[in-house]
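The values are calculated or read from the model by the stated rules, or taken from the named source; none is laboratory data. All values reported here derive from a predicted model rather than from experimental measurement. Quick reminder, even Gly has a Cβ in these numbers, built from the backbone with ideal geometry, and neighbours come from all protein chains shown. Just the protein is used for accessible areas: all its heavy atoms, side chains included, with ligands, DNA and RNA removed. Shrake-Rupley method; radii C 1.70, N 1.55, O 1.52, S 1.80 Å.
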Amino acid sequence: MATLIHRALQREGLAVDLAADGERAVLEAAAIPYDVILLDRMLPGIDGAEVCRRLRAGQVRAPILMLTAMGEIPHRVEGLDAGADDYLTKPFSLDELRARVRALARRGPATHAPVLEVGALRLNAATHEAWRDDHALVLTAKEFALLEVLMRHPGQVLSKAVLLDHVWDAAPGARSNVVEAQISALREKVDRPFRENIIETVRGVGYRLKRP
């Protein structure tokens, strides 16, 4: 079933990772800023409810859709109380699953604000405007998307693979050197005209936005 869902969501143009057990799910969800998490209630190892509790305790705020064959109300209540945002009981329609994923992605995590502020940086996702120290930044669409991802995760190292997934949506032909080129272009506008560099390279790992 996991493989079937994986393929169905990829056909929707989504970048999808698959974790085979609860321990792996906790590690991946804590390390990668996912837009939506699908969580099976009966995972091997740590079950879905416990995975959900650990993610919320670890400040993972991505919307979580719990999938289960356990349709009784107490089980559904346990999952929601553990931190799940929605519940889908097996068997379910793939069309309904895709619709719920789209709805949760639109909602986004509770921490998403229309205007992001990290130190001297401000970004308005709705109006597609960004500033540093009240100086307007003129950014391309990709530069803006890249800056937004970095600002949503200040201090967190994001790998090239993660940035490819979020900014280029794992588009065919997109490679890590594309990320390097866009980071360089972004630095020319966000860092070079100012005294302090705030986009950092962590060699062999990825990039991060320095916390103020």
Those residues of the range 182-212 which are of a type in the set (Gly, Ala, Ser) and open to solvent by 90 Å² or more (accessible area, probe 1.4 Å) amount to Gly204
Of everything in the range 86-116 that's basic (Lys, Arg) and under 20 Å from Ala49 (Cβ atoms), which residue is modelled with the highest pLDDT?
Arg100
